[in-house]
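First up is the structure itself, then whatever we jot down about it.
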Amino acid sequence: MISGGSFEDWSPAFLATNDEIHGQVLTSTLFLPKTPVEGINATSPLVAAYHIVPQLLHFYNISLMEPLSRIPTLLSGNSILVTNNSASGLTLDGVLVSEPDLFVSPYIVIHRIASPFNFSRYGGDDLY
């Protein structure tokens with residue numbers, strides 16, 4: 001599903017394989033990077049799994065989380081770190097949520113982020 005292509009390929013592939021007509025729907029939040037970053041492979045299933053949260057999180061819900069809170073991802077043993085929830089801009093893993101609630105349905109929320117998350121730097125639960 002998400003094993004090849006760029007970050008831009010994620011949301012259509014995810015939406016096409018996650019609909020109530022074809023079976024059970026995974027309620028989820030997808031963080032879609034706006035630009036690539038050198039050294040982060042957009043085609044990696046591990047990178048893709050780290051950008052998907054297995055729960056519905058609207059921007060409002062995330063903005064209420066305390067800094068240093070963790071958001072579990074589909075990448076086992078890894079979670080996204082809330083690094084800033086101030087009025088100056090919500091950041092997760094140090095990355096700005098640039099277009100919150102870009103797509104919202106009863107099952108999926110997609111947020112645009114300025115660049116990809118780096119799970120090797122922030123992902124482990126024992127970092128903070």
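Entry remark, region 84-128: residues being closer than 23 Å to Asn41 by Cα, in contact (Cβ under 8 Å) with a residue 12 or more places away in the chain and not aliphatic (A, V, I, L, M) number 16 in total.
I need the strands (runs of 3 or more DSSP E) fully contained in region 70-128, keeping only those with at least 3 residues that are closer than 11 Å to His51 by Cβ. So that I can check it myself, show each step before the final result.
Details: elements: 70-72, 79-84, 95-104, 108-113.
Those strands (runs of 3 or more DSSP E) span 108-113.
How many residues does region 102-124 hold that are of a type in the set (Phe, Trp, Tyr) and surrounded by 18 or more Cβ atoms within 10 Å (Cβ to Cβ)? Don't jump to the end; show me each part of the working.
The first filter runs over region 102-124 and keeps only residues of a type in the set (Phe, Trp, Tyr), leaving 103, 107, 117, 119, 122.
Restricting the remaining residues to those that are surrounded by 18 or more Cβ atoms within 10 Å (Cβ to Cβ) gives 117, 119, 122.
Selection size over region 102-124: 3.
Of the helices (runs of 4 or more DSSP H) lying entirely inside region 1-64, the ones with 1 or more residues being buried (at least 17 other Cβ atoms within 10 Å of the Cβ) and modelled with pLDDT under 85 are found at 10-16.
Where residues in region 72-111 are among the β-branched types (Val, Ile, Thr) and closer than 22 Å to Pro36 by Cβ, which of them is farthest from the chain's Cα centre (by Cα)? Walk me through how you get there before you give the answer.
Here is the first cut: in region 72-111, the ones among the β-branched types (Val, Ile, Thr) are 73, 80, 82-83, 91, 95, 97, 104, 108-110.
With closer than 22 Å to Pro36 by Cβ added as a condition, the list becomes 73, 80, 83, 91, 95, 97, 110.
Details: Thr73: 8, Ile80: 8, Thr83: 14, Thr91: 12, Val95: 11, Val97: 10, Ile110: 8 Å.
Only one residue tops the list, namely Thr83.
Considering Phe31, Phe59, the condition of being in contact with a strand residue (DSSP E or B) (Cβ under 8 Å, 6 or more places away or on another chain) and either farther than 18 Å from Gly123 by Cα or small (Gly, Ala, Ser) (or both) is satisfied by Phe59 alone.
The values are calculated or read from the model by the stated rules, or taken from the named source; none is laboratory data. Quantities reported herein were computed from a predicted structural model and do not represent experimental measurements. All Cβ positions, glycine included, derive from the backbone under ideal geometry; neighbour counts span all protein chains shown.
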